[in-house]
């Protein structure tokens, strides 16, 4: 799987921003490079 394949698959995925609002991933990297970090909260 290439980086392009991963980007295509994640394009329509929605995540929550820091304020809990849904955001689609695709438009974020259309504008500029994107670093995506997943944080898991234990507690």
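Every number here is computed from the coordinates shown, using simple stated rules; none is lab data. None of the values given here were measured: they were computed from a predicted structure. In this analysis, Cβ positions are derived from the backbone assuming ideal geometry, glycine residues included, and neighbour counts consider all displayed protein chains.
Some notes on this structure:
- Among 36, 28, sorting on how many other beta-carbon atoms sit within 10 Å of each Cβ, with the fewest leading, yields 36, 28.
- Spin-label pair residue 2/residue 30, simplified geometry with 7 Å Cα→Cβ offset, distance in nm: 2.2 nm
- The ellipsoid that matches the Cα gyration tensor of the chain has semi-axes, each √(5λ) in whole angstrom, of 21, 14, 10, with the longest given first.
- When shorter helices are ignored and each DSSP H run of at least 4 residues is given -39500 (n - 2.57), the per-residue value for the chain at 222 nm works out to -9000 deg cm²/dmol.
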